[in-house]
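Values in this text are rule-based calculations from the coordinates and carry no lab data. Keep in mind that this is a model prediction, so the values were computed, not measured. Here Cβ is always computed from backbone atoms with ideal geometry, including for glycine, and neighbour counts include all displayed protein chains.
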2 protein chains.
Amino acid sequence: MNASGPVIGIDLGGTKILARAVDPADPVTPLAEQRADTPRSGGGDVLESMAAVVDDLDRMLVAGGHEAAVAIGVGAPGLVTSSGVLRFAPNIAGDAELAVAEQMGALTGRPVAVDNDATFATLAEWQRGAGRGSDNLVMVTLGTGIGAGLVVGGRIQRGANGFAGELGHVVIDPNGPPCPCGRRGCWERYASGSGMGRLARDAAESGRAERVLALAGGDPEAVRGEHVAVALTEADPGAVALVDEFAWWVALGLANLVATLDSDRLIIGGGLATLGSALLEPVRRHFATLVLGAGHRPEVQIVLAELGPSAGAIGAATAAAGMVGGA
Amino acid sequence: MNASGPVIGIDLGGTKILARAVDPADPVTPLAEQRADTPRSGGGDVLESMAAVVDDLDRMLVAGGHEAAVAIGVGAPGLVTSSGVLRFAPNIAGDAELAVAEQMGALTGRPVAVDNDATFATLAEWQRGAGRGSDNLVMVTLGTGIGAGLVVGGRIQRGANGFAGELGHVVIDPNGPPCPCGRRGCWERYASGSGMGRLARDAAESGRAERVLALAGGDPEAVRGEHVAVALTEADPGAVALVDEFAWWVALGLANLVATLDSDRLIIGGGLATLGSALLEPVRRHFATLVLGAGHRPEVQIVLAELGPSAGAIGAATAAAGMVGGA
C-alpha cells in the first residue's frame, strides 16, 4: 500500500450532511469537519451541497498544511447498489434513483465510494470500534428507524444487490401495528425511536406512564421517546418498565438474527444507544431468555457502539481510502 | 487437484441413515448406496451403525472394481461445531455432545467431514442443483421441522460457532403457539410439516377443511399434513385454501430472510417441496406482496430443490472430497 493523501467521509442524512476529512492511517481522528443541512429540494441539490462541503474541507485541509482530499466516501440512507446508485430513499431523492458515485465523481473529480450509511457505520465499528476481532457480527443502529450492517464470515456483506441488512422491515408480529412500508409488525415499529414513542404513548394512554405523560404536557399523543429518556434519568418506575418492554423487542429481533447468522457479537448504535446500560442491561437479560440453544453456544456479546454518531463518516472515509490504496 | 478415490456421503437422520459412495468428479450419481435405521439407543450405537454402513459401501465399491472410499462426510441434524462435534440433537444423542468427526475418524481410519445436514444439502444444491450461479442464496428444508443453509457473499456460511441457519426457531409471531423450544410463534410452528398439520387441525376444527377432516377419519386431532396433500390432489377447495395459508407463512419467513440477507435465490426443499407448483405458486404470489422494496430490486427467484432427499448425502460426499483434494 502506498501512502496517500487525506480522504473525506460524508454521512448523508435525511436532515444533515456530516463530513470529515481524515488521514487514512487514522480515520477516527478528524483533520477537519464540516456540516450542512440536507436540501429538501431533492437529488441534484443534495449532490451540489455535498460538493460544496467537499470544497470547504479541501480549503481547511490546505490551510492546515495538508493536501486536498484524494478520495471521497458517501454513506446514504436507503438502498445503495454495487455501482453506487441510491434507491428507495424518499427523504433525499423522492421516488427517483440518484447516481451518487457517478455524479459526485463528476462534481469533485475524485473517486467516490458510496454505500448504505449503516453499512459504513458497521465497517467503522468493525475495524476501529466495538466490533474488532469478530468475524460474525451485526450492528444495529436504533434511531428514528433501524439501520443495520452485517459482517458474516469475516467480510462486510451487502447481499446480491447491496440491500442486505434492512432489518427494520423484518416482520416480527404479523398482527402488529401497521408500518408505512405497507406491512404490519415490522421490527422498526417496536425497536426504534419511533417504536419507543409508540410503546410510550400506549403506556401513557393506559395509565402506566404517568411521569412520562406529565413530561409530555399531559397529552398522550405528544409523548415521545425523549420523554422516556428524561423520566429514566429520574429512575421513574414507569419509564424503567417501558425501557424493559422496549428492550424485550430489541432482544427478540437480535435473537432472531443470531438464530439466522450465528453472530458472536451484536453492536447497538444510534440515538437509542445513548441510554447506555439502562438499555443494554435489559436487552442482555431478555436476550438470554430468547436466544436459541442458550446452554449450547458460547455467550453472544451484546455491546454498545464505540464511535458514536461519526461512525458513518468514519466508515465512509475508510472506504474512500480503500479506493486509492490508502490505509 | 489430484485425482482421488471414491468418497462416502452420509445423511444421518433421526430415523434413517442414508449413505452413498460417489466419484468426487460426479457426486450426484451414486456408485453404491446403503441405508440403515438410526439406533434409538444413542450416540455410540449411532456411530457404530454408520461405521457398519461404511464397511458395507466399501465392500460394494471393491466388488464393483473401485477402491475403498478415501474420505467420509456426515451430515447430522442439530448444531455442529467447526471441529465436528454434534450438539443439541435430542433425537440422536440426547443431551450429550457427540464428537462425530473424531470418533468416526477413529472407527473408519479415514478423514471425516461433519456438518449440519441442511448445510450439506445447501452445498449440494448450490454446486450441483437449483443454486448454481448464485452467490447469495438460502435453502430452506421444509420437513417435520425447518432446516436451512446459507450462501452469503459466495460462501457457505456457518456463523461463529457453526450454528447459522437455525431458521425454524426465528420467532415470527410472539403471540403465536408455543414451541417445544420454549418460545412462541417460531417459524417452524407455521412453515414446516408439523406447522401444516397444526394449521390443518385448526381449519378442521372450525369447519374449513371438511375433506381433509374426512381423510383423517373425522377426528380433527388425527389431521396431518399428508391428508392435506391427498385432498390437494383432488383439488379440494379447503385444501387449496390451507396450502395458501401455509404458503403465506412460508413467504413471510422468506421475505424476512431477504430483508436481512438480500438473497437473490431461495430454494425450497424437504418433504413439503414434493407439493411442487401447488406450493411454489402461492409462495411466490405472497412473497411478491411481502418482500421489501419489490419495485426497487431485481426479482428474487424462488425455486424448488433439484436433488431431492439425496441432497444431504451429496453435499456430505462433496465435503469429504474436499478433505482429500478431490473434485
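Under unit Cβ charges (Lys, Arg +1; Asp, Glu -1), what dipole magnitude, rounded to 20 debye, does the stretch B:131-305 have relative to its Cα centre?
Numbers: 15 positive and 18 negative charges, 106 e Å.
Taking the Cα centre of the stretch B:131-305 as origin, the dipole is about 500 debye.
Taking the beta-carbon count within 10 Å as an exposure proxy, list B:C181, B:C186 from fewest neighbours to most. Write out the running numbers ahead of the final one.
On the way: B:C181 16, B:C186 30.
Starting with the residue having the fewest Cβ neighbours, the order is B:C181, B:C186.
Tell me which residues come under 5 Å, amide H to amide H, from B:G131 once H is placed; ignore anything under 5 positions away on its chain.
When sequence neighbours closer than 5 places are left aside, the close amide H contacts are B:W126.
What do you get for GluC sites (Glu not before Pro) in the stretch A:1-104 restricted to DSSP loop and a cutoff of at most 11 other Cβ within 10 Å of the site's Cβ? Working shown, then result.
Numbers: sites: A:E33, A:E48, A:E67, A:E97, A:E102; in loops: A:E67, A:E97.
For GluC sites (Glu not before Pro) across the stretch A:1-104 that sit outside H, G, I, E and B with at most 11 neighbouring Cβ atoms in 10 Å, the list reads A:E67.
Let me make sure I get this right: for the stretch A:222-327, a, b and c are the square roots of the gyration tensor eigenvalues over alpha carbons, sorted descending. Under 1.5 in a/c it's rounded, otherwise prolate if a/b > b/c, else oblate. Which is it? Walk me through the intermediate numbers first.
Details: a/c = 2.94, a/b = 1.28, b/c = 2.30.
Cα axes put the stretch A:222-327 in the oblate bin.
Just want the answer: with Cβ charges of +1 for Lys and Arg and -1 for Asp and Glu, which residue in A:I156, A:A259, A:A204 is farthest toward the dipole's positive end in the stretch A:130-305?
Going by the charge dipole, the pick is A:I156.
Restricting to bridges with both residues inside the stretch A:130-305, how much of the DSSP beta-bridge set is antiparallel, in percent to the nearest 5? Intermediate values should be presented prior to the final figure.
Numbers: 11 of 20 bridges.
Here the antiparallel bridges make up roughly 55 percent for the stretch A:130-305.
Let me check I've understood the local charge: for A:E67, count other residues with C-beta under 14 angstrom from its C-beta, Lys and Arg +1, Asp and Glu -1. What total comes out? The partial results should precede the final answer.
On the way: positive: A:R59, A:R110; negative: A:D23, A:D58.
That sum, taken over residues with Cβ under 14 Å, equals 0.
Find which of A:I8, A:M323, A:G109 sits farthest along the positive direction of the dipole of chain A, computed with +1 on the beta-carbon of Lys and Arg, -1 on that of Asp and Glu, about the Cα centre.
So the residue furthest toward the plus end is A:M323.
Using a/c under 1.5 as the rounded threshold, could you call the stretch B:1-49 rounded, prolate or oblate? The axes a ≥ b ≥ c are square roots of the C-alpha gyration tensor eigenvalues, and prolate needs a/b larger than b/c, oblate otherwise. Provide the component values of the computation, followed by the final result.
Working: a/c = 3.62, a/b = 2.34, b/c = 1.55.
Because a/c hits 1.5 or more and a/b exceeds b/c, the stretch B:1-49 counts as prolate.
List every residue whose amide H lies under 5 Å from the amide H of A:A113, counting only residues 5 or more places away in sequence or on a different chain, with H placed 1.01 Å from N in the peptide plane.
For A:A113, whose amide H was placed from the backbone, the distant partners under 5 Å are A:I72, A:G73, A:V74.
How far apart are the B:E234 label points across copies, placing each 7 Å from Cα toward Cβ, in nm, shortest first?
Nearest first, the other copies' label points are 6.7 nm away.
With a cap of 14 neighbouring Cβ atoms within 10 Å, and only residues DSSP puts in a loop, list the GluC sites (Glu not before Pro) found in the stretch B:238-327. Can you show the working numbers first?
Numbers: sites: B:E245, B:E299, B:E306; in loops: B:E299, B:E306.
Sites meeting the loop and neighbour criteria: B:E299.
Could you pull out the trypsin sites (Lys or Arg not before Pro) across the stretch A:16-71 that fall in loop regions by DSSP (anything but H, G, I, E, B) with no more than 12 other Cβ atoms inside 10 Å? If you can, show how the numbers build up before the last one.
On the way: sites: A:K16, A:R20, A:R35, A:R40, A:R59; in loops: A:R40.
Taking the stretch A:16-71 and a limit of 12 other Cβ atoms within 10 Å, the loop trypsin sites (Lys or Arg not before Pro) found are A:R40.
State the antiparallel share, in %, of DSSP beta bridges confined to chain B, rounding to the nearest 5.
Details: 29 of 48 bridges.
So the antiparallel bridges amount to about 60 percent of the total.
State the extension gain, in nm to one decimal, for the chain segment bounded by A:D95 and A:E210, taking 0.36 nm per residue of separation less the distance between their alpha-carbons. Intermediate values should be presented prior to the final figure.
Numbers: separation 115, 0.36 × 115 = 41.40 nm, distance 4.14 nm.
Gain on extension, A:D95 to A:E210, equals 37.3 nm.
Need one number: % antiparallel among DSSP beta bridges in the stretch A:1-77, to the nearest 5.
DSSP beta bridges in the stretch A:1-77 are roughly 75 percent antiparallel.
Compute the orientation-averaged projected area for the stretch A:130-305 from the convex hull of its Cα atoms and round it to one decimal in nm². Working shown, then result.
Values: hull surface 41.4 nm².
Averaged projected area of the stretch A:130-305's Cα convex hull equals 10.3 nm².
Which residue in chain B puts its Cβ closest to the axis that rotates chain B onto chain A, and at what distance in whole Å?
Result for the B and A rotation: B:V152, 2.
Which ordering of A:M104, A:M60 is given by a fewest-first count of other beta-carbon atoms within 10 Å? Write down the numbers at each step before the final one.
Working: A:M104 26, A:M60 16.
Exposure proxy ranking, most exposed first: A:M60, A:M104.
Please give the charge dipole size of the protein assembly as shown, origin at the Cα centre, charges +1 on K and R Cβ atoms and -1 on D and E Cβ atoms. Round to the nearest 20 debye. Intermediate results must be reported in sequence, preceding the final value.
Details: 46 positive and 72 negative charges, 3 e Å.
About 20 debye.
With the contact rule set at Cα under 8 Å and sequence spacing of 6 or more, what percent relative contact order holds for chain A? Please list the in-between numbers first.
Working: 712 pairs, mean separation 72.0, N = 327.
Relative CO of chain A lands at 22 percent.
Give the order of B:T274, B:T233 when sorted by the count of other beta carbons within 10 angstrom, beginning with the fewest.
Working: B:T274 14, B:T233 10.
Ranked by crowding around the Cβ, least crowded first: B:T233, B:T274.
Hydropathy first: keep DSSP H helices in chain B averaging at least -1.0 on Kyte-Doolittle, then drop any whose Cα extent along the axis falls short of 20 Å, and list what survives.
Working: long enough: B:43-63 (30 Å, 0.66); B:237-261 (35 Å, 1.36).
In chain B, the long hydrophobic H runs are B:43-63, B:237-261.
Just name one of A:G143, A:G176, A:S194: the one whose Cα is farthest towards the positive end of the charge dipole of chain A (beta-carbon charges, Lys/Arg +1, Asp/Glu -1).
Of the options given, the answer is A:G176.
To the nearest Å, what is the center-to-center distance of the stretch B:21-63 and the stretch A:10-63, using C-alpha atoms only?
Measuring centre to centre over Cα atoms gives 63 Å.
Using a Gaussian network model of chain B with C-alpha springs under 10 Å, which one of B:D58, B:D244, B:D219 is most mobile by mean-square fluctuation?
Comparing B:D58, B:D244, B:D219 in the GNM, the peak value goes to B:D219.
Output, in nm with one decimal and in ascending order, the distances from the A:E281 label point to the matching label points of the other copies (7 Å from Cα along Cα-to-Cβ).
5.8
Inter-copy label distances at B:R35, 7 Å along the Cα→beta-carbon direction, one decimal in nm, shortest first?
Here B:R35 shows inter-copy label distances of 6.9 nm.
Tell me, what does the Kirkwood hydrodynamic radius of chain B come to in angstroms if you use every pair of distinct C-alpha atoms?
On the way: mean 1/r = 0.0490 Å⁻¹.
It works out to 20.4 Å.
Under a Cβ-only charge scheme (Lys and Arg +1, Asp and Glu -1), can you give me the dipole magnitude of the stretch B:212-327 about the Cα centre, in debye to the nearest 20?
Values: 5 positive and 12 negative charges, 82 e Å.
Here the stretch B:212-327 has a charge dipole of around 400 debye.
In Å³ and rounded to a whole number, note down the convex hull volume per residue for the Cα atoms of the protein assembly as shown.
Numbers: hull volume 109.4 nm³, N = 654.
Normalising the Cα hull of the protein assembly as shown by residue number yields 167 Å³.
Per DSSP H run of n ≥ 4, the term is -39500 (n - 2.57); total these for the protein assembly as shown, divide by its residue number, and report the mean residue ellipticity at 222 nm rounded to 500 deg cm²/dmol. Mind showing how you got there, number by number?
Values: 22 runs with 260 residues, N = 654.
Calculated mean residue ellipticity at 222 nm is -12500 deg cm²/dmol.
Would you mind getting me the FRET efficiency between A:R40 and B:R155? Use the beta-carbon distance for r and R0 = 30 Å, nearest 0.05.
On the way: r = 42 Å, r/R0 = 1.41.
That gives a FRET efficiency of 0.10.
Near the amide H of B:G185, under 5 Å away, which other amide H atoms are found, from residues 5 or more places off or on another chain, if H is placed in the peptide plane?
B:G176, B:C179
Taking a ≥ b ≥ c as the square roots of the eigenvalues of the Cα gyration tensor of the stretch B:63-172, is the shape rounded (a/c under 1.5), prolate (a/b larger than b/c) or oblate?
Values: a/c = 1.99, a/b = 1.21, b/c = 1.64.
It comes out oblate by the Cα gyration axes.
From zero up to wherever the largest Cα-Cα distance of the stretch A:235-278 sits, split into 10 Å bins and tell me the percent of pairs in each.
For the stretch A:235-278, the binned pair fractions read 24, 49, 22, 5 percent.
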